[in-house]
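Q: Just dropping this structure here.
We did not get these values from a lab; they are worked out from the coordinates using the rules stated. From a predicted model like this one, the values you see are computed outputs, not experimental measurements. Note that we place each Cβ from the backbone using ideal geometry, even for glycine, and neighbour counts take in every protein chain shown.
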Amino acid sequence: MKRGPSAAREENRGWGLKSYSRDQLEAIHEATLEVLRLTGVEFHSEEALDVLEAGGCIVDRGRRVVRFPAYVVEGAIATAPRQILLAARDPRHDFLLGGRRIGFTNFGCGIKILRPETDELLESTKEDVGIAARLCDATENVDICATALVARDMPDSSYDLHMLEQMFLNTSKHVTHVDVSGGTNARRMFEMAALIAGGKDELRERPLMSILTCPTSPLMIHESVCEIVMEGARWGIPVLVLSMVMAGATGPVTLSGALVTHNAEVLAGITLAQLTCPGAPSIYGSSTTILDMSCGNAPLGAPEEGMICAAAGGLAQMYGLPSWTSGAWADSKVEDAQSGHEKTISAILPALAGVNMMYGMGVLESGMTFSPAQLMIDNEIVAMVKRVVEGSVVNDDVMGVDVIHRVGSGKNFLKEKHTLQYVAGEQAKVHLFDRRTRGAWEKRGATTAAERGGELAVRLLDTHTPLPLDPGIHEDMRAIITEAEEAGGLSAGAHTGTTRRW
Amino acid sequence: MGFATLTVEEAVEKAIAAVLAVDEEAAVEVAEATLASGLDPLVVLQEGFTTGMRKAGQLFEQEEMSLPEMIIAADCMMAALAVLETALPEKQKSDSLGTVVIGTIEGDVHDIGKTIVGTLLEVSGFEVHDLGRDVPVAEFVRVAKEQGAQLVGSSALMTTTMTGQQRLETALKEAGLRDTVKTMVGGAAATQGWADKIGADVYAESATEAVQRAKEAVA
C-alpha cells in the first residue's frame, strides 16, 4: 500500500519529564540573582577576590564576601561553552557533554570497598582505586571513569596524585577526579595529564581529565576550591562546580528554596572560572538533596534528590551550561530492594530531564562504599534508563501496519523480518536481572541479583586488560608524585587496616 | 496567658510539656512563674526542663521527633535557663556534667553535624565551648587548658583533614593534658577503627549516641 509523507507532524525524539516551567526556572534565577547581589558568597582566597573585583563584583575584603551584579553573573553564563569535549586516552571513548544528551559514570570519593570475592568491607587503598578504575573501564554503560575511592594509605601530600596515576593506568576512558586537594596538586595533575596528551596545548584541545570541586553550603567557597577553579580555568580543564545543599540544614527546607541557595553557589563558582579565563569549560553540578530530619543524614537516593537533580538540569539547560548531577545513587548499605529503588529513582528523574552526566554507579551507603557487584547491577539499570529516554519512534515502517495486515488473526510475529530488524533497538539488553519462571531460576542456582553481580564483577576483573600506558610516560608521572612528596612530606595516611566480615 | 502561683509539681510538669511542645513562649512563662512563685529554680531546671529535653532526645532516637523539633526544643530549654539563671547563686559548674571543647578540625569547614552535637551536649548538661570550623589543633589545646575541659571533640569530613585529629591527640599529650581529658572524634571520614588507631576515647555513629558516650566517658 502507498502511504504518502505527512506534513508538519511534530515528533518527540526521546521521552522526558515536565518539572518546572520556564517561568518557574526564571523565578528561581531571579531569586538567585537577588541572593548573589544582596547577600553574596564568601570566597576564602585573596586571589579569587582580586579576580572577582576586577570582573565587576563588589568585594568586602574584611568579611571576604563577594556580591555580584547581575550582568557579571549573566555575562559569565554567556561566555561558558555550551558543549564540552571529555577526551579519552582512547579517542573511541571521547564523550561530548552538552545539550540534553545523557551519560552516566561512577562516583567518587568513597572510603570503603565491598569486595565481591570475599564479602569483606575494607577501607580503600591505592590498589583499590586501580581495581575500581579497571572495572569501570570494562563496564559498558560507564561512559567516563571517575575516581571511585580515596587512597587512604597514601600521604596527605600526594594521595590524590596516586589516585590519578591509578586512573590513567587502568582506564582509557576520560578520567574525572573527584577528590583534588587543592590548586597545587591540581596543577601537578594537569602536568601528569599533559604527559599523555603530548603537551599543555594538546591537553587544552583534548582534555583527558576533568575535576570536581564543591562549594560549602550555604554560600561559601573554601580556599582550595577557589584555587582548583582558577587553575582548571587557566589550563582549559573542565571543572565541575558541584553543590550539595542539604535542604533544611544548609539551605531552605523547600526544594525550590534549596535550589536557590544551590544555584547561587554554583553560579558564583562558575563566575570565578569565567572571570579567570573567559570560555573556560565549566560544568553546572548538583548533589543537592534533603536532610532527612529523622536520622540527620543527607540521602542521595531520595526521590526529592532526584527531583532536585532534574530541576538543576532544567536550570543548566536554560543557561546553556553542561550539567552533571547525582544519579544511580543509593543510601542502602547492601545490594537490596532499597538500593534497587534508590538507584532507579535517582537515575530516571535527571535522565528524563536531560542531565548530561549522572554519577553514582557503584555507590552504596550514600557514597561511602564502592561495590563492584552493585556497579554491575547499575550497569543494567542504566541500560534500562537509557532505553526509556530513547523513547519510541512512530512512523509507517516502524509501526509496521502492513505486517499486521499480513500476519492477521491468531498467528505470531516471531519470524517476521520486521521483528528481526527492530528488536535490538526496541529492547534493552538485560543479563543480570532474571525474568525467567521460578523453576528455570531455581535450575540456574536460585541466585540474587547481588550474587550474580558479584560473580560478573569478579569475572570482568579476571579477564579485562585496559589499554596500557607508555612506561616512559608512567615514569615521568611518578616523578611528579615524588616531587610532591618531597615538597609536602610523607605522612602515614588515614588507613586503619580495618576489615569487617559482611 | 499567665500562670498563677505554681507548686513545684505543677512547674515541673509544665516545664516538661513546654519543651516537648517546642513552645519557647510557654517555657519562658514557666520559668518566670517559677521565680515568681518562690520555687527552687534548680529543681524546676533539672526535674522539669532537663527531663523534658532528655525525653525529646529519646523521641528523636525513636524517630518520633524530628531534628528541627529537637533543636528548637533545645532553644526552649536555653531560653528558660536564661531566666532561671538569674536566680541561681552562680553558674553551678559542679552541677555541669563536664566542660567540652568542640570544633571542626583545621582545614575543614563542614560543621553542621558538629554544631548539632554541640547543641545536644549543652542541653544534656555539659558546658560547651564550640570553637567553630577550621580550628587549629593548637586552639583546641589552648581552650581545653584554659577552661579545664573534660572532653575535647573534633569533627572531620574529609580524609585529608582527619589526620588533624591524630595531630590533636599528640598535641594534647605534649601539653600534658591527655591524661585529664577524654577525646571524641566524629565526621563522615571517622570510624571506630580510626578512633582506635589514633587513640581517641569516643566515637559515635549519631548525635544522640555521641551524647550518651560523652556522658559515659566523663563519668
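Q: Classify segment B:1-75 from the C-alpha gyration tensor, please: rounded if a/c falls under 1.5, else prolate or oblate depending on whether a/b exceeds b/c.
A: Verdict is prolate for segment B:1-75.
Q: Setting aside same-chain residues fewer than 8 positions from A:Lys2, which aspartates and glutamates have a Cα under 18 Å from its Cα?
A: Partners found: A:Asp396, A:Asp397, A:Asp402.
Q: While we're looking at this one, here's another question. Suppose we keep just the alpha-carbon trace of segment A:440-502; what are its Rg and Dmax in angstrom?
A: Cα radius of gyration and Dmax of segment A:440-502 are 20.8, 62 Å respectively.
Q: DSSP loop (so not H, G, I, E, B), at most 16 other Cβ within 10 Å: list which trypsin sites (Lys or Arg not before Pro) in segment A:322-428 pass both filters.
A: In loop regions of segment A:322-428 (DSSP not H, G, I, E or B), the sparsely surrounded trypsin sites (Lys or Arg not before Pro) are A:Lys411, A:Lys415.
Q: May I pose another question? Return the percentage of antiparallel bridges among DSSP beta bridges fully within chain A, rounded to the nearest 5 %.
A: 40
Q: Just rank A:Ile283, A:Ile381, fewest to most, by other beta-carbon atoms within 10 angstrom.
A: Ordered by Cβ neighbours within 10 Å, fewest first: A:Ile381, A:Ile283.
Q: Positive end of the dipole of the protein assembly as shown, charges at C-beta (+1 Lys, Arg; -1 Asp, Glu), about the Cα centre: which of A:His464, A:Thr147, A:Ile221 has its Cα farthest in that direction?
A: My answer, from the dipole projection, is A:His464.
Q: Still on this structure: If r is the Cβ-Cβ distance from B:Glu139 to B:Arg54 and R0 is 35 Å, what FRET efficiency results, to the nearest 0.05?
A: According to the calculation, E is roughly 0.65.
Q: Please give the contour-minus-distance gain from A:Asp476 to A:Lys2: 0.36 nm per residue of separation, less the Cα-Cα distance, rounded to one decimal in nm.
A: 164.0 nm
Q: Which listed residue (A:Ala373, A:Val245, A:Ile283) has the Cα farthest towards the positive end of the charge dipole for chain A, taking +1 on Lys and Arg C-beta and -1 on Asp and Glu C-beta about the Cα centre?
A: Of the listed residues, the answer is A:Ala373.
Q: Tell me the trypsin sites (Lys or Arg not before Pro) within segment A:1-30 that lie in a loop according to DSSP and have at most 10 other beta-carbon atoms within 10 Å.
A: Here the sparse-neighbourhood loop sites are A:Lys2, A:Arg3, A:Arg9, A:Arg13, A:Lys18.
Q: Next up: Please report, in debye to the nearest 20, how large the charge dipole of segment A:425-502 is about its Cα centre when each Lys and Arg carries +1 at its beta carbon and each Asp and Glu carries -1 there.
A: Result for segment A:425-502 is approximately 1020 debye, rounded to the nearest 20.
Q: Answer rounded, prolate or oblate for segment A:147-276, using the Cα gyration tensor with square roots of eigenvalues a ≥ b ≥ c: rounded when a/c is under 1.5, else prolate when a/b is larger than b/c, else oblate.
A: Here segment A:147-276 falls in the prolate category.
Q: I'd like the Karplus ³J(HN,Hα) series for segment A:443-455: coefficients 6.51, -1.76, 1.60, θ = phi - 60°, whole numbers in Hz, and an x wherever there's a Gly or Pro.
A: Residue by residue, segment A:443-455 yields 4, 8, x, 6, 8, 8, 4, 4, 5, 5, x, x, 4 Hz.
Q: So if I take the centroid of the Cα atoms in segment A:68-144 and the same for segment A:369-386, what is the distance between those two points in Å?
A: The two parts, judged by their Cα centres, are 14 Å apart.
Q: Another question, if that's okay. Tabulate in residue order the Karplus-calculated ³J(HN,Hα) for segment A:126-138, using 6.51 cos²θ - 1.76 cosθ + 1.60 with θ = phi - 60°, rounded to whole Hz; enter x for Gly and Pro.
A: Along segment A:126-138, the couplings run 4, 4, 5, 4, x, 4, 4, 5, 5, 5, 5, 4, 8 Hz.
Q: Then there is this: Rounded to a whole number, what is D in µm²/s for segment A:111-188 from Stokes-Einstein with the Kirkwood radius over alpha-carbon pairs (4 °C, 1.567 mPa s)?
A: 102
Q: Out of segment B:127-165, which GluC sites (Glu not before Pro) are coil in DSSP terms and have no more than 13 other C-beta atoms within 10 Å?
A: none
Q: Moving to a separate point now. Name the residue from A:His29, A:Leu52, A:Gly16 whose Cα lies farthest towards the positive end of the charge dipole of segment A:1-63, charges +1 on Cβ of Lys and Arg and -1 on Cβ of Asp and Glu.
A: The listed residue farthest towards the positive side: A:Gly16.
Q: Within segment A:154-190, what residues put their amide N at less than 15 Å from the label point 7 Å along the Cα-to-Cβ vector of A:Asp94?
A: Of the residues in segment A:154-190, A:173-175 have backbone N under 15 Å from the label point off A:Asp94.
Q: Further question: Would you list A:Lys443, B:Lys55 from fewest to most Cβ contacts within 10 Å?
A: Arranged by neighbour count, lowest to highest, A:Lys443, B:Lys55 become A:Lys443, B:Lys55.
Q: List the residues, sorted by chain then number, that are 5 or more residues from B:Val128 or on another chain and whose placed amide H is less than 5 Å from its amide H.
A: Here the answer is B:Val100, since their amide H atoms fall under 5 Å of that of B:Val128.
Q: Then there is this: Within straight cross-link reach of A:Lys386, meaning Cα distance under 19 Å, which lysines are found once same-chain residues fewer than 8 apart are removed?
A: Cα-Cα hits under 19 Å: A:Lys18, A:Lys343, A:Lys429.
Q: Counting pairs of alpha carbon atoms under 8 Å apart in space and at least six apart in sequence, what relative contact order in percent does segment A:193-235 give?
A: After rounding, I find 29 percent.
Q: Now a separate question. Tell me, how many Å apart are the Cα centres for segment B:175-214 and for segment B:2-65?
A: Segment B:175-214 and segment B:2-65 have Cα centres spaced 32 Å from each other.
Q: Another question, if that's okay. Would you list B:Asp179, A:Asp378, A:Asp153, B:Asp111 from fewest to most Cβ contacts within 10 Å?
A: Placing the least packed residue first, the sequence is B:Asp179, A:Asp153, B:Asp111, A:Asp378.
Q: I would also like to ask the following. Relative contact order of chain A, please, whole-number percent, based on alpha carbon pairs below 8 angstrom and at least 6 residues apart.
A: Once divided by the residue count of chain A, the mean separation gives 20 percent.
Q: For A:Thr254 and B:Ala219, FRET efficiency with R0 = 45 Å and r from the beta-carbon atoms, rounded to 0.05?
A: 0.60
Q: Sort out for me the Cα centre separation of segment A:245-280 from segment B:74-142, rounded to whole Å.
A: 31
Q: Show me, for segment A:76-90, the HN-Hα J-couplings you get by feeding each phi into the Karplus relation (A = 6.51, B = -1.76, C = 1.60, θ = phi - 60°), rounded to Hz, glycine and proline as x.
A: Per residue, the Karplus-derived 3J(HN,Hα) values read 5, 4, 5, 7, 5, x, 6, 10, 10, 7, 9, 7, 10, 3, 9 Hz.
Q: Let me ask something else. How big is the shadow of the Cα convex hull of the protein assembly as shown, averaged over all directions, in nm²?
A: Averaged projected area of the protein assembly as shown's Cα convex hull equals 39.2 nm².
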